[in-house]
Amino acid sequence: MSELTTELQETKTGKDLYSYQKGAINKIFKSFEDAREDYHLLYQLPTGGGKTVIFSEIVRQYLKHHNRKVLVMTHRIELCKQTSNMLTGFGVDNKVVDSKANLDDQDKYSCFVAMVETLNNRLNEDKLDISDIGLVIIDEAHYNSFTKLFKFFEKSFILGVTATPLSSNSKLPMKDNYDELIVGETIESLIENEFLARAEVFAYNMGLTSLEVGSNGDYTVKSSEDLYTNSNMLSQLLQSYEKHSKGKKTLIFNNGINTSLHVYDTFRSAGYPIAHLDNTATKKQRKQILKWFKETPDAILTSVSILTTGFDEPTVDTIILNRATKSLTLYYQMIGRGSRILNNKSKFNVIDLGNNYHRFGPWGADLDWQKIFNSPDYYMDKLLNDEEIESKFRHEMPEELRAEFANSEEVYFDIKETYKDSVRKGESSKVVLERSIAQHAKICIENSEDVYDAIALAKMLGEDIDHRIQSYAKCISRSTHNFLSWLKDDYRKKLNAYLRENFDTKFEEIHGRPPE
């Protein structure tokens, strides 16, 4: 599996490992020596830390000192081939057990590499002899597809490796299948020691309450596509790219093929070099697209799921999360695709359009993996839901609109705090909107020479007004569509009326002179 930095890719002999990798191998072998033969051990190391290097060296040493065989399991065929190549580089002769494999010569091999579904079929058909397998290594162990095979290896030491020891299925926690977790180097340590690049995050405040959660615990493709294919979201995506990543190699993650195709059309229409890739592409198409992406300095690749694991392109400068996820593992996998160091690359950009930063915190935060492993429900229950996340947002005017109010030092108005203050004073809640209207009128007058200018500016405040009304409705717990529509219309009428009635007086108070 491609979990290596450029330097690590040069280290395939099993002799020149980094100190933290040697330390991990020693800990794993000590556990192996001290534990019962059917012990299940889980090892955590961030994407890019060299998990494949570590377990390849473990295989090499195990075969050298033990008279039993080894099986390495992955969840995708591409990872089988990459893992097989890495093992070969460590001097481990191995056989890939795929759907086309001829197993007549299996006695000649001491190491097998197999995809979980193919292996399951072979074992149920009794076509692969596993009676002498002493060590089973599971790559990307957080996927639950592996657990159905554990019954075949009741006398084998099982080593699972993952960047995030949190099960992909909350109903099947990893602690139920593994006896112990060994935590490896932190992302911050790998960054400080120049094994990984540092992420610079640009997190946008997104309205995601329309998203629905499916049976797998994550947002449904349908609700994601309904949201992320609308023109406002596509415009936001394009603008964020142009602001933070224009001309840089960019990888965009989406939740849904239709969304990715809309993204492709949007960027192509804007004249940017972009390709789309999903799991319906043929091997030839995938190879051509990834070759183009690698060789084109300002290439943009919009994708769906397929590049979250087993994809290593150190030239990526920017990751765009054009989707929301409730999966910590997926969050780390997506961002990890940009973390490979290359030449002078020491940092990369992350543009978050899914409130993922607000949900999980910074990539590389000091997470307590032991606590997450032992109490996954406790960790998941602490995550904020979308309404809680969005309630903490401070609505900011877009830069273009803010420029129209350049004479105003402050344009923000806190509806929630104003409401709390009115409650403390025993005032009617309607004073909140009255004060909001007065503040909106003030910033319009500050940036106008006559009442017509002020009313024109007020018309530009539509999104700002809508946000304030939404906040007010939450405060008073009334949010029916008809009520909100009436409130928004009434607010606009009262703002215009306020400007017409008070413009001259307020203008003189603000500017110290009457309007011309």
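The values are calculated or read from the model by the stated rules, or taken from the named source; none is laboratory data. Everything quoted here is computed from the prediction, not taken from an experiment. FYI the Cβ positions are ideal-geometry reconstructions off the backbone, even for glycines, and counts take in every protein chain you see.
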Legend entry - Residue among 215, 305, 235, 240 that alone is out of contact with any Pro (no Cβ under 9 Å at 6 or more places or on another chain) and on the phi > 0 side of the Ramachandran plot: 305
Inset, instruction - Give the number of residues within segment 78-102 that are within 30 Å of the chain's Cα centre (by Cα) and either at pLDDT 90 or above or not β-branched (Val, Ile, Thr) (or both). - result: 9
Inset, instruction - Name, by its number, the condition in (1) of a type outside the set (D, E, K, R); (2) assigned by TED's automatic domain parsing to the domain that holds residue 339; (3) out of contact with any Leu (no Cβ under 7 Å at 6 or more places or on another chain); (4) buried (at least 16 other Cβ atoms within 10 Å of the Cβ) that does not hold for residue 224. - result: (3)
Inset, instruction - Quick one: in segment 369-407, of everything that is assigned by TED's automatic domain parsing to the domain that holds residue 467 and among the small types (Gly, Ala, Ser), which residue is surrounded by the fewest Cβ atoms within 10 Å (Cβ to Cβ)? - result: 406
Inset, instruction - Within segment 64-81, track down each residue that is buried (at least 21 other Cβ atoms within 10 Å of the Cβ) and part of a helix (DSSP H, G or I). - result: 79, 80
Inset, instruction - Have a look at 140, 185, 192 and point out the one that is touching a residue at least 12 places away in the same chain (Cβ under 8 Å) and more than 28 Å from residue 324 (Cβ to Cβ). - result: 185
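Matching residues to (1) under 26 Å from residue 206 (Cβ atoms); (2) more than 43 Å from the chain's Cα centre (by Cα); (3) not assigned by TED's automatic domain parsing to the domain that holds residue 403:
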{"position": "448", "(1), (2), (3)": "no, yes, no"}
{"position": "470", "(1), (2), (3)": "yes, no, no"}
{"position": "474", "(1), (2), (3)": "yes, no, no"}
{"position": "478", "(1), (2), (3)": "yes, no, no"}
{"position": "481", "(1), (2), (3)": "yes, no, no"}
{"position": "485", "(1), (2), (3)": "yes, no, no"}
{"position": "495", "(1), (2), (3)": "no, no, no"}
{"position": "501", "(1), (2), (3)": "no, yes, no"}
{"position": "507", "(1), (2), (3)": "no, yes, no"}
Legend entry - Considering residues of segment 357-374 that are in contact (Cβ under 8 Å) with a residue 40 or more places away in the chain and touching a Lys or Arg at 6+ places or on another chain (Cβ under 9 Å) only, the residue nearest to residue 249 (Cα to Cα): 364
Legend entry - Only listed residue being closer than 21 Å to residue 205 by Cα and in the same structural domain as residue 222 (by TED's automatic domain parsing), chosen from 298, 312, 366, 352: 352
Inset, instruction - Please go through segment 375-388 and pick out each residue that is without any contact (Cβ under 8 Å) to a residue 40 or more places away in the chain and either touching a Cys at 6+ places or on another chain (Cβ under 8 Å) or within 12 Å of residue 358 (Cα to Cα) (or both). - result: 384, 385, 388
Inset, instruction - Considering only segment 122-191, give the strands (runs of 3 or more DSSP E) lying wholly within it that have at least 1 residues that are farther than 29 Å from residue 328 by Cα and touching a Lys or Arg at 6+ places or on another chain (Cβ under 6 Å). - result: 133-139
Inset, instruction - Quick one: in segment 263-304, of everything that is closer than 23 Å to residue 326 by Cα and not aliphatic (A, V, I, L, M), which residue is surrounded by the fewest Cβ atoms within 10 Å (Cβ to Cβ)? - result: 279
Inset, instruction - Filter segment 177-188 down to residues that are surrounded by fewer than 17 Cβ atoms within 10 Å (Cβ to Cβ) and closer than 18 Å to residue 156 by Cβ and give me whichever is farthest from the chain's Cα centre (by Cα). - result: 179
Legend entry - Among residues of segment 209-231, those that are farther than 25 Å from residue 339 by Cβ, touching a residue at least 60 places away in the same chain (Cβ under 8 Å) and assigned to a loop (DSSP other than H, G, I, E, B), counted: 3
Legend entry - From the options 455, 443, residue that is at pLDDT 95 or above and either in contact with a Ser or Thr (Cβ under 6 Å, 6 or more places away or on another chain) or assigned to a loop (DSSP other than H, G, I, E, B) (or both): 443
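Go through segment 459-480 and report how many residues are over 24 Å from residue 500 (Cα atoms) and hydrophobic (A, V, I, L, M, F, W, C).
3
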Inset, instruction - Within segment 232-259, count every residue that is under 23 Å from residue 315 (Cα atoms) and either part of a helix (DSSP H, G or I) or not charged (D, E, K, R) (or both). - result: 15
Inset, instruction - Confirm whether residue 323 is touching a strand residue (DSSP E or B) at 6+ places or on another chain (Cβ under 9 Å), modelled with pLDDT under 95 and either surrounded by 14 or more Cβ atoms within 10 Å (Cβ to Cβ) or assigned by TED's automatic domain parsing to the domain that holds residue 457 (or both). - result: no
Inset, instruction - May I ask you to say which residue of 266, 318 is farther than 23 Å from residue 76 by Cα, of a type in the set (S, T, N, Q) and more than 20 Å from the chain's Cα centre (by Cα)? - result: 266
Legend entry - Single residue of 258, 216 found to be surrounded by fewer than 16 Cβ atoms within 10 Å (Cβ to Cβ) and polar (S, T, N, Q): 216
